[in-house]
Every structure is written in structure tokens, then in C-alpha cells.
Amino acid sequence: MIRLISILIFIVSLSACSIISTQPIKKTSQERFETFPTANLPLRDSVSVYWNSYMVPFIDANTDADAAFVLGLTHAHLRLAQMELFRMIAWGRLAEMAGPLVADIDHSLRTIQLQKSTPYIAANDSPFTRNWIASYVDGINWYIDHTEEKPIEYKLFNITPRRWEVTDVYAVSRLLSADLTWGVYFQALSLMNRPDWSRTWENFLSNGQRSIPSFPSDEMAALNFIINAFSKS
């Protein structure tokens with residue numbers, strides 16, 4: 001389901017891009033590096049960001065808070081539009097971007113309520129995790145507040161930049177985790193009418209799924225292996 005939504009939005013994006021007259025200016029890797037914000041960052045200590053030949057960033061920080069902040073900053077710099085798309089999916093707000101075409105999808109997403117448990121999850125997380133995510137969100141918001149060049153998708157879909165909250169991170173996390181566990185949910189639905197359902201559900205909550213130590217090297221085989229493993233009791 002989530003993959004279908006992503007494909008739909010991707011197609012809509014491509015169609016819209018084909019009719020606009022002004023295309024975004026292409027930038028070299030060096031130009032992208034130069035636009036990465038480094039001045040007046042609210043950091044406790046020095047932080048270094050290294051990029052390998054595949055444009056993968058590595059963050060070297062002396063404190064966890066600084067590492068989380070710069071990770072949020074880096075994610076926003078590289079993928080702010082994609083992050084916003086995932087947030088809209090998680091909260092069932094796609095129609096704000098794509099109009100009535102996706103209203104039924106929003107209705108389904110709000111029925112599932114991926115975000116409903118996010119306050120409970122946040123409240124029961126460890127103080128270390130809560131602080132880490134809060135610093136990560138601060139990095140995202142610092143980028144949104146200070147960068148002048150917003151992603152082209154914002155203009156394309158008339159999106160107003162909106163600051164992130166900790167619950168947004170949990171909601172997107174639930175969205176991404178659900179993408180590999182739909183099989184579990186459907187399997188659970190088929191067991192709910194059994195007289196031993198309560199005990200089965202308690203065992204599932206206590207023991208969870210079996211771990212996956214390794215998987216085949218072939219990409220498609222690996223994907224199928226992971227999905228099947230998470231979809232079986």
C-alpha cells in the first residue's frame with residue numbers, strides 16, 4: 001500500500017515537472033557542498049561532516065546532541081522534500097499537496113491512524129532517546145528556518161514549510177516500519193476470531209518476531225526474504 005502511494009506521488013511529480021517552464025538549476029557536488037550551512041550553528045562543540053565518493057555523509061561529533069542535530073541538518077539539506085512527503089503520508093495529508101485525487105488515500109491513512117500512538121511511544125521512550133530525537137528535530141527546524149533555497153517541490157505543489165515535531169519523527173518511523181509488516185497485520189486479522197486470540201496476541205507482544213541474522217545477496221531475493229520473514233509468526 002505504502003509503495004503504491006509513493007509510486008502514485010512520484011508519477012504525479014513527474015507529470016507536473018513536465019509542464020513547468022522553469023527547471024531547477026543543476027548543481028555540481030561541489031556546489032551542493034558549498035550550500036551546506038556551517039555558520040552560527042547552535043553546537044556545543046566542533047563537528048565535522050565527511051562525504052565519500054557516493055555522497056554519503058559521515059558525522060564526527062564529540063557529543064550525542066551535536067551528532068543528532070547535524071544529522072537532522074544533513075537530512076533536511078539532502079532530502080527535505082522527501083521527508084515532507086513521508087510526513088504527509090503518515091498524517092493522511094496528501095490532499096493538501098495533490099488535491100482531491102488522493103482524498104480516498106488520505107481517508108484510508110487516517111482510518112489506520114499510524115500517528116495515534118506516537119505520543120504514547122514518545123512518553124515511554126528512554127530519556128536518552130527522547131533527547132536524541134529532540135536534537136535531531138532541532139537540526140531539521142534550524143535548516144527550515146535559515147535556508148533561503150527551498151526544494152523545487154515546495155513551489156511545485158504550493159507547500160508551505162512547516163517546522164517538525166518529535167511526534168512527526170515517530171509517525172514517519174511507524175509508516176516506514178509498517179511497509180514491511182502489512183503481512184503480520186493481515187495474518188493477525190485472520191486469527192482474531194479464534195478462542196485463543198488473547199493468548200496469541202499476548203505472546204506476540206512478549207516475544208515479537210524472530211530475528212533475521214542474514215539474507216541472500218541477490219537484491220530481489222533479499223527483499224522477498226525480509227518481507228516473508230516479518231510476515232510469518
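What shape does segment 30-133 have by the C-alpha gyration tensor, where a ≥ b ≥ c are the square roots of the eigenvalues, rounded means a/c under 1.5, and otherwise prolate means a/b greater than b/c and oblate the rest? Numbers along the way, then the final one.
On the way: a/c = 3.22, a/b = 1.53, b/c = 2.11.
Oblate, because a/c is 1.5 or more while a/b does not exceed b/c.
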Requested in this report: Just the ratio, please: alpha-carbon radius of gyration of segment 118-176 over 2.2 N^0.38 Å, N its number of residues.
Outcome: 1.31
Query - Long-range tail of P(r) for segment 82-210 (Cα pairs > 26 Å, %) - result: 37 percent
Report summary line: Rounded to the nearest 0.05, FRET efficiency between Lys27 and Thr160 (Cβ-Cβ, R0 22 Å) equals 0.35
Requested in this report: Mind pulling up the Rg/Rh value for segment 63-112? Radius of gyration and Kirkwood radius, both on Cα.
Outcome: 1.19
Requested in this report: In nm, give the distance between the simple-model label positions of Thr200 and Lys150, each being 7 Å from the Cα along the Cα-to-Cβ direction.
Outcome: 4.8 nm
Query - Around Asp64: net Lys/Arg minus Asp/Glu count, Cβ-Cβ under 14 Å - result: -2
Requested in this report: Would you please calculate the Kirkwood hydrodynamic radius of segment 101-140 over all C-alpha pairs and express it in Å, rounded to one decimal?
Outcome: 12.1 Å
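Bear in mind these aren't lab numbers, they're just calculated from the coordinates by the rules spelled out. Fair warning: this is a prediction, and the values are worked out from it, not measured in the lab. Virtual Cβ from ideal backbone geometry, glycine too; neighbours counted across all protein chains shown.
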